[in-house]
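Encoded as structure tokens, the structure appears first; notes follow it.
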Amino acid sequence: MSEKYDVIVIGAGPAGYVSAIRCAQLGLKTACVDDWLDKDGKYVLGGTCLNVGCIPSKSLLESSELYSRCKNELSQHGIYAREVSLELDTMMERKNGVIKDLTRGIESLFKSNNIDWLKGRGRLLANKHVEVAAEDSKSVYQAENIIIATGSSSIEIPGVKYDDQNIVDSTGALEFTEVPQRLGVIGAGVIGLELGSVWRRLGSEVVIIEAQDEFLSVADTQIARDSKREFKKQGLDIRLGARLMSAEVKSAKTGSQVAVQYQDARGDHKEVFDKLIIAVGRAPNSDNLFDEEVELLLDERSFIHVNEQCETSLPGVYAIGDVVRGPMLAHKGSEEGIMVAELIAGNHAEVNYDLVPSVIYTHPEIAWVGKNEQHLKAAGEKYKVGMFPFAASGRARALGVTTGMIKILTHAETDRVLGVHIFGPQASELVAQAVIAMELGASSEDLGLTMFAHPTLSESLHEAALAVSNNAIHIPAKKTKK
Ligand code: FAD
Ligand code: AMP
């Protein structure tokens, strides 16, 4: 007789492990299956996010930004560190240490919550049985409820052979052992921009090749335009409307290089890079996940089909995180995980999909929540705009980061905040204030009547809110037609 649980979660990324912890907190007998192996072949928790995603990329973004500021900005403060040098090994060791501490932290949370960690590859069998296959063993477990949280993997470009040395995906790009002199990045999405920024700051000449004509089409157009100008100033050579045709590793006397061919409106182009990062998106991990007789419905792009409550086509089987529709973001998966745990425990729960914040951790950062101007125009919605540039913020000036702005969009009649778009210092933190305001149905007047500490970057949100009614204090009022 196989062991029986209230809940088995398949996948221990930020969707699955958070869900498992919440299930256990709610008194459900919970197990979590995961097959992630670290570089030493040891099972570890945390999935993509902790091992090769959010956390290592932010660790390297922090280190590379510190290096770049020491090299380029210290003298403005009257501080001289004339021989700033880079020890990439130490930077990578620090990153690996951050990962280790966090994945071990989840391990201890599993222990303290009495969650059984089932190590191996999970496969859904009929009647809510789960097979767990490790290297030399196979076991079958049963549960009242199954939560699938198997995440996603990098999309490969057909015909391009990854050698994990010269042509790599985002995981390989977090492991370079030296700074490439010339680095090519395919895809100017979030991951391409973040990883391109890391290596640019450490000294690489970076060329980003992007198929779309428009830069960052997911962001508000104005923010995308301003950020593109800034990234160009930082030395990122972003080539739009350019589609990769082929990439091949060539051996030369000086070592291996990558010969790249791409096509744009002007014709075919060739480039040679020392390394090439392919960051053209991610696809759901839904292959070989369930037995033939299990009638789990997938959509046309192989995402597991779910409704707003993350229920699949099979009663008692839920799916959350990157393996289902919606933005591939850690916090979106975690919130779905909590919702599903609450639903299983018989509680009411929902996720507000309209208010999922997005962040790009460049310098400065880009963050937004809610509708942008393109959305509102397309919907024929009447709206008002309030903008405040960081150049007018005392705190931003003291920090020395005055690029960018906060832009608030509100409903023309009700004044309710519909979207907030930020390009500037600490945008990732500032956007949380916008999410809270919007969750509570705030208007720009509410934000304008709220007191913010001085001097803070948050005051810019206050000023942007005041600007909606043309009442910002630290920028000139817009001239209105008489
Ligand atoms: P995952 O984190 O992918 O976890 C799935 C887990 O399931 C893995 O451990 C996998 O091994 C396991 N698994 C899969 N199949 C099976 C099976 N059959 N049996 C057992 N186990 C299985 N998002 C953000 O919100 N912020 C960021 O800053 C950010 N930065 C990123 C940077 C990079 C370089 C990358 C690649 C991604 C980044 N993301 C970021 C995206 C984020 O990592 C994902 O959205 C998030 O990890 C998805 O969580 P998940 O739990 O759904 O899946
Ligand atoms: P994201 O979806 O945010 O991870 O971004 C991936 C980016 O890669 C998108 O902006 C795509 O347009 C881009 N992309 C996909 N395929 C190619 C290709 N063959 N050449 C250049 N860019 C590509």
Q. Say R0 is 60 Å: what FRET efficiency, to the nearest 0.05, do residue 37 and residue 477 get from their beta-carbon distance?
A. 0.50
**Q.** At 1.567 mPa s and 4 °C, Stokes D of the chain from Kirkwood alpha-carbon radius, µm² per second
**A.** 53 µm²/s
**Q.** In order through segment 371-376: 3J(HN,Hα) via Karplus (6.51 cos²θ - 1.76 cosθ + 1.60), integer Hz, x for Gly, Pro
**A.** 7, 9, 4, 4, 4, 5
**Q.** residue 295 versus residue 449: modelled label distance in nm, points set 7 Å from Cα along the beta carbon direction
**A.** 5.6 nm
Q: For residue 365, enumerate residues with amide H under 5 Å from its amide H, sequence gap 5+ or separate chain, H modeled in the peptide plane.
A: 424, 426, 427
Q) Based on DSSP, what percent of beta bridges with both residues in the chain are antiparallel, to the nearest 5? A) 65 percent
**Q.** Sequence-distant residues sharing a close amide H with residue 118 (under 5 Å, placed H)
**A.** 32, 33, 34
Q) If you project the alpha carbons of segment 364-468 onto the principal axes, what extent comes out on each, in Å, largest first? A) 40, 26, 20
Q) In nm, to one decimal, how far is the residue 62 label point from the residue 311 one, both placed 7 Å along Cα→Cβ? A) 4.2 nm
Q. Which whole-number percentage describes the relative contact order of the chain, with Cα contacts under 8 Å and a sequence gap of 6 or more?
A. 14 percent
Q.
Which residues does the label zone of residue 272 cover in segment 241-261, counting backbone N under 14 Å from a point 7 Å along Cα→Cβ?
A. 248-261
(Q) Just the number please: accessible area per residue for the chain, 1.4 Å probe, all protein chains included, in Å². (A) 50 Å²
(Q) Given a Förster distance of 45 Å, report the FRET efficiency between residue 221 and residue 139 from their Cβ-Cβ distance, rounded to the nearest 0.05. (A) 0.25
Q. How big is the charge dipole of segment 167-280 about its Cα centre, in debye rounded to the nearest 20, if each Lys and Arg gets +1 on its Cβ and each Asp and Glu gets -1 on its Cβ?
A. 340 debye
Q) If Lys and Arg each add +1 and Asp and Glu each add -1, what is the summed charge of the other residues whose beta carbon sits under 12 Å from the beta carbon of residue 183? A) -1
Q: Treating only the Cβ atoms of Lys and Arg (+1) and Asp and Glu (-1) as charged, compute the dipole magnitude of segment 364-468 about its Cα centre; round to the nearest 20 debye.
A: 260 debye
Q: Take each of the peptides 275-286, 453-464, 418-429, average the number of other beta-carbon atoms within 10 Å over its residues, and list them starting from the highest.
A: 418-429, 275-286, 453-464
**Q.** Radius 15 Å from Cβ of residue 431, net charge of other residues (Lys, Arg +1; Asp, Glu -1)
**A.** -2
Q: Quickly work out the residue 178-to-residue 3 label distance, labels modelled 7 Å from Cα along the C-beta direction, and quote it in nm with one decimal.
A: 4.9 nm
Q) Can you work out ³J(HN,Hα) from phi for every residue in segment 414-431, in order, using Karplus 6.51 cos²θ - 1.76 cosθ + 1.60 and θ = phi - 60°, giving whole Hz and x for Gly and Pro? A) 8, 6, 5, 5, 9, x, 9, 10, 10, 10, x, x, 6, 4, 4, 7, 4, 5
Q. Around residue 242, what is the net charge, scoring Lys/Arg as +1 and Asp/Glu as -1 over all other residues with Cβ under 9 Å from its Cβ?
A. 0
Q) What list of ³J(HN,Hα) couplings, whole Hz, do you get for segment 90-101 from phi and the Karplus terms 6.51, -1.76, 1.60, once you set θ to phi - 60° and write x for glycine and proline? A) 5, 4, 5, 4, 4, 4, 5, x, 4, 4, 4, 4
Q. Charges only on Cβ, +1 for Lys and Arg, -1 for Asp and Glu: so what's the dipole of the chain about the Cα centre, in debye to the nearest 20?
A. 1900 debye
(Q) So if each residue of separation counts as 0.36 nm, and I subtract the Cα-Cα distance between residue 349 and residue 246, what length gain in nm does that give? (A) 32.3 nm
(Q) List the residues, sorted by chain then number, that are 5 or more residues from residue 29 or on another chain and whose placed amide H is less than 5 Å from its amide H. (A) 6, 7
Q: Would you be so kind as to identify which of 283, 297, 328 lies farthest towards the positive end of the dipole of segment 272-423, taking Lys and Arg as +1 and Asp and Glu as -1 on Cβ and the Cα centre as origin?
A: 328
Q: Under 19 Å Cα to Cα from residue 161, which lysines show up? Leave out anything in the same chain fewer than 8 places away.
A: 250, 270, 275
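The values are calculated or read from the model by the stated rules, or taken from the named source; none is laboratory data. Keep in mind that what you see is a predicted model, and the values were worked out from it rather than measured. Cβ coordinates were reconstructed from backbone atoms using ideal geometry, including for glycine residues, and neighbour counts include every protein chain displayed. All accessible areas refer to the heavy atoms of the entire protein, side chains included, with ligands and DNA or RNA removed. Shrake-Rupley method; radii C 1.70, N 1.55, O 1.52, S 1.80 Å.
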